[in-house]
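Colleague: Quick one: this structure, given as C-alpha cells, is what I'll be asking you about.
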Amino acid sequence: MDDTKRYERLLDRYRNGDLDRRTFLGLIGAAGVAAGVTGGPFSALKRQALAATPDQVRFDGWGGVVSEAFRKHAFEPYTAKTGIDVVDGTFGGADEYLARVKASQPGEFNIAHLSGVFDYVRYDGLDLSTSLNEDNIPNLANVITALQDVLRSVTGGSLSAVPYDYGTTSLAYNRKYISDEEMREKGARILIDPAYEGKIGGWGEWKTRVWYGALQTGQNPNGIEDMDAVWDAIRQHRDLALKYWGSGAELMSLLAEEEIYVTEGWSGRVKALQDQGHDIGYYDPPGGLGWQECLFVIKGSPMAACEELLNFMLEPEVAIAVAEGQNYPPSLDPTKVALSDQVKALPAFDPSGTLEGLNFFDPPYWNSKEAEWSKTFGRVQKGY
Amino acid sequence: MASLDPKDNPSRPWTLLSPALTAILLLLVIPVCFIAVYSFWLRTATGADVAGFHLDNWAEVLTDSFYRDILLFTLWIAFATTVICALVGYVPAYFIATTQYRHKAFLLLLLMLPFWISYIIRTMSWINILGVSGVVNVALQWVGLTGEPLQMLYNQWTVIVGLVHFLLPFMILNLYVSLYGIDRNLVDAARSLGCTGWQAFREVTLPLSLPGLAAGSLLCFVLAAGTYITPLVLGGPTDAMFANLVFDAIITQLNWPLGSALSLVLLILLGGLVILYNRFVGMSQIAKSFG
C-alpha cells in the first residue's frame, strides 16, 4: 500500500536537498494547518483537504448520465460493501480538469475518468502517474488486451489506469435532410460541403478537428504530410460551420433542435439521441476516430483504496450496468465475459475484442504535436 | 469620552480600514502579483512551467496581430453593448425616476429580478428565443411572415443581445440614481422660461444625468469587455473575445504563463479606463448606485 502523505514527500525532498530547512518547516506547518492538525478554522476543511485518506476516495468524471451510472451502479454498492466513501466530482472537459489537477495539492484528486490515450500521456508527462498493483485488480484480466497495451507502452509496462470503455467520434447527421447514401458517398468531406453551409457543426477541440482535416484531405491522421492542407480544410469547415460545440449536451441540443444537420459526434451521445426518437444517423467513415476512456489513478492517491474501487468497477455486472447507462461499450473482452444484448447493440461495439477495426490517436505522434497544433487551432478557430 | 479627531488618534482610520485592506490584499493584490510573476515564466512541451524571468510571453502578446485584432473586436463588442444599453436603458430609468406610482420600490425590485437567475441560464435562454425552433421563429412562421426558420443565433449580434440582457440593469440603476437626484424645480424653471418639454430635457435633465450615464457606461463596458461565457454560448466560430483567449491559453493549451500575460493586458487596459474615469468623473456616482 502506498499511502503517500504530503509530509513524507516533503521529508523526501528535504533529505534529497531539494528544500532548505526553513522552507521545509514552513511547508510542514502549512500542511499541518491544511490538514487541520493545528485546529482553528481550517480544521473544518480537513475532510476536503484529505480526500486521499483511506476512508474515502475522490472520483471525477464527465457528469450527466455517465456520473449517474457510476453513482448508481458502482459507487453506492462499493461504499456499502467496503465502507469507503466515494467523493463524486465532475468536470466539463479534460483540459479544464487537468488545469485543476495541476493547481491542486498531491492527493486532492484521486481517480479520473480520462478520455483517450492522449490524456494518459499528458498526465504521465506531468509526473502525475502511478504504478498500479495489478494483483489487487484481478478483474483486469477480463479487459481487452489491446486497450491495456497502448497504456503500458507509455508507462514502461506498468499501468496508472485501467481501460474502462471505448467509443468513436464519427459522423452524426439528420436523416430528414441527409440520406444514408449521400453520407456514405461524401464521408468526412460532408463537413466541408458548401451545400450545408450554416448547418454544419463540429467539436471545438483541436485533435478532432485535425483528425477530420486529415481525412478530408486524404491523409493518414497518424502521419500527416501536408499540414497546410489540413489547416485549410479546418478553415473551410470553420467558415461553413454554424458553431463549434463544447459538450455532449450541446451536441445533442444542436442536433435535436435542428440547428445543425451534420457534425462529428460521440457514439454514446448519438445513441442517446436515437433512443429519444430523433432520426439521427451515425456513420463511421473510412479512418473514423476511435478512442478509449480509462480510470486514471493520480499520483499521491491512497493506492489500495483506489485499486479496490477499480476492481469493483471492473466487475462484469457493474461495468455492464455502467455501459448500458452511458451508451459506451465496456473495456471487457467479449470473448472472456458474457455481455448483454444491449451492450452488443451499442455503436462502436467490437465483438472480436481486438478493436482492429478502429483507429486511435498514436500517442507519441499526437503528444509531440500538442503545443504547436493546439495553439494554431486556437487561432484558426477564431478566424485566422 | 475618546476624541474622534483623527489628529488625536492617527492610527484609528487604519485600524478601521484594516479588515477591508486585508481582504483586498489577500483576494486581489496577492493573486495579481502571482499572475504577474507567472507571466514571465515559460511553458514546456509537456505542460510543465519553467520559472524564471522571460519576456517571451509579453513579446508575443504585444507584437502578434492576432491578439491585437481580438482585442479590437472585444472593444467593439463592449462599445456596441454599452451604447445599446444606454439607449435602451434611459427610458425605463427616466420612467422609474419620474413616475408618481406609489410602488416605485416594486419597479426597482423588478429591475433586480434577473439577478435571481444564473447568468449562464439567462444567456442560454436566448437559444430558446432565437433558435431555429425558438419562440421568434415559431411565431414568424405561424403568422406567415417566413416560410423557413431564420438563422438568428451564433453571430456577433446575438453576443451583443446576450450582453445587453445581462448588463442593462446595471445601466438602468446608475441612470435612475442620477435622474432621481435631479431637482425637479430646475425642469419646472426651464419650462416656465419657455422651454418645450424636449428642450427642458435636452438642456437640463440630460446634462445633469450624464454622471449616471458615464457610471453605467463604465460598468457595462468593463463587464462586457471581460466577458467569456456569452461569446461561448451565443457566438459563432469566429466571435471569440479576449477572455476566451485567456481561457484557451490556460485551460486548453495549459499555457498558464501566456494566459497570465493575456489576462494582465486586459486588466491593465480596463484598469486604465477606470483610472481615467475616476480622474475625470469620480467613482462616487457608481457608489451611489449600489446604495
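Colleague: Where in the range B:170-285 are the helices (runs of 4 or more DSSP H), entirely inside, with at least 1 residues that are crowded, with 21+ Cβ neighbours inside 10 Å?
Modeller: B:206-225, B:229-234, B:242-247, B:256-280
Colleague: Residue check: is A:I111 surrounded by 15 or more Cβ atoms within 10 Å (Cβ to Cβ), more than 17 Å from A:A161 (Cα to Cα), away from every other protein chain (no Cβ under 14 Å) and not small (G, A, S)?
Modeller: no
Colleague: Please tell me if B:V132 is more than 26 Å from the chain's Cα centre (by Cα) and either exposed (fewer than 11 other Cβ atoms within 10 Å of the Cβ) or in a loop (DSSP other than H, G, I, E, B) (or both).
Modeller: So B:V132 fits the description; yes.
Colleague: Go through the residues of the range B:216-228 one by one and say whether even a single one is under 17 Å from the mean Cα position of the chain (by Cα), within 25 Å of B:I121 (Cβ to Cβ) and within 14 Å of another protein chain (Cβ to nearest Cβ).
Modeller: The answer is yes; a qualifying residue exists.
Colleague: Another question, if that's okay. Looking at the range B:58-80 only, could you name the residues that are surrounded by 15 or more Cβ atoms within 10 Å (Cβ to Cβ) and β-branched (V, I, T)?
Modeller: Matches in the range B:58-80: B:V61, B:I70, B:T74, B:I77.
Colleague: On to the next question. Need pairs with beta-carbon distance below 9 Å; first residue within 13 Å of chain A (Cβ to nearest Cβ) and among the aromatic types (F, W, Y) and within the range B:118-129, second surrounded by 15 or more Cβ atoms within 10 Å (Cβ to Cβ) and assigned to a helix (DSSP H, G or I); sequence gap 6+ or separate chains.
Modeller: B:W126/B:T158; B:W126/B:V161; B:W126/B:G162; B:W126/B:H165; B:W126/B:V233; B:W126/B:L234
Colleague: Would you say B:D8 is closer than 26 Å to B:I268 by Cα and not hydroxyl-bearing (S, T, Y)?
Modeller: Answer is no for this residue.
Colleague: Further question on the same structure: Regarding the range B:137-149, can at least one residue be identified that is among the aliphatic types (A, V, I, L, M) and under 27 Å from B:M241 (Cα atoms)?
Modeller: Scanning the range B:137-149 turns up no residue that is among the aliphatic types (A, V, I, L, M) and under 27 Å from B:M241 (Cα atoms).
Colleague: Only one of A:G223, A:G248 is within 19 Å of the chain's Cα centre (by Cα) and in contact (Cβ under 8 Å) with a residue 40 or more places away in the chain; which?
Modeller: Just a single option satisfies the conditions, and that option is A:G248.
Colleague: Restricting to helices (runs of 4 or more DSSP H) lying wholly in the range A:206-292: which have 2 or more residues that are within 14 Å of chain B (Cβ to nearest Cβ) and either crowded, with 21+ Cβ neighbours inside 10 Å or in contact with a Phe, Trp or Tyr (Cβ under 6 Å, 6 or more places away or on another chain) (or both)?
Modeller: It comes to A:206-216, A:227-240, A:248-256.
Colleague: Mind listing whichever residues of the range B:45-73 are of a type in the set (S, T, N, Q) and within 12 Å of chain A (Cβ to nearest Cβ)?
Modeller: B:T46, B:S65
Colleague: Out of the range A:185-199, which residues are within 10 Å of another protein chain (Cβ to nearest Cβ) and crowded, with 17+ Cβ neighbours inside 10 Å?
Modeller: Once the filter is applied, which keeps residues that are within 10 Å of another protein chain (Cβ to nearest Cβ) and crowded, with 17+ Cβ neighbours inside 10 Å, the range A:185-199 yields only A:K199.
Colleague: Does any residue of the range A:153-169 turn out to be closer than 28 Å to A:I84 by Cα, more than 18 Å from the chain's Cα centre (by Cα), assigned by TED's automatic domain parsing to the domain that holds A:P329 and hydroxyl-bearing (S, T, Y)?
Modeller: Yes, the range A:153-169 contains a residue that is closer than 28 Å to A:I84 by Cα, more than 18 Å from the chain's Cα centre (by Cα), assigned by TED's automatic domain parsing to the domain that holds A:P329 and hydroxyl-bearing (S, T, Y).
Colleague: For A:T130, work out the one condition from (1) closer than 23 Å to A:F312 by Cα; (2) without any contact (Cβ under 8 Å) to a residue 12 or more places away in the chain it doesn't fulfil.
Modeller: Checking A:T130 against (1) closer than 23 Å to A:F312 by Cα; (2) without any contact (Cβ under 8 Å) to a residue 12 or more places away in the chain, the one that fails is (2).
Colleague: Right, next: Being at pLDDT below 95 and out of contact with any strand residue (DSSP E or B) (no Cβ under 6 Å at 6 or more places or on another chain) narrows it down to one residue among A:D279, A:D275; which is it?
Modeller: A:D275
Colleague: Of all residues in the range B:109-129 being surrounded by 15 or more Cβ atoms within 10 Å (Cβ to Cβ), of a type in the set (A, V, I, L, M) and within 20 Å of the chain's Cα centre (by Cα), which is nearest to A:K199 (Cα to Cα)?
Modeller: Only one residue fits best here, namely B:M124.
Colleague: Ok, one more. Run down A:E324, A:E307 and say which single residue is surrounded by fewer than 21 Cβ atoms within 10 Å (Cβ to Cβ), away from every other protein chain (no Cβ under 14 Å) and farther than 30 Å from B:L72 by Cα.
Modeller: Only one candidate qualifies: A:E324.
Colleague: Filter the range A:346-373 down to residues that are surrounded by fewer than 20 Cβ atoms within 10 Å (Cβ to Cβ) and within 12 Å of another protein chain (Cβ to nearest Cβ) and give me whichever is modelled with the lowest pLDDT.
Modeller: A:A371
Colleague: Would you confirm, using the coordinates I've provided, whether A:V297 is in contact (Cβ under 8 Å) with a residue 12 or more places away in the chain and over 17 Å from A:G116 (Cα atoms)?
Modeller: No.
The values are calculated or read from the model by the stated rules, or taken from the named source; none is laboratory data. Please read all numbers here as calculations on a predicted model, not as lab measurements. When we count neighbours, we look across all protein chains shown, and the Cβ atoms used for this are built from the backbone with ideal geometry, even at glycine.
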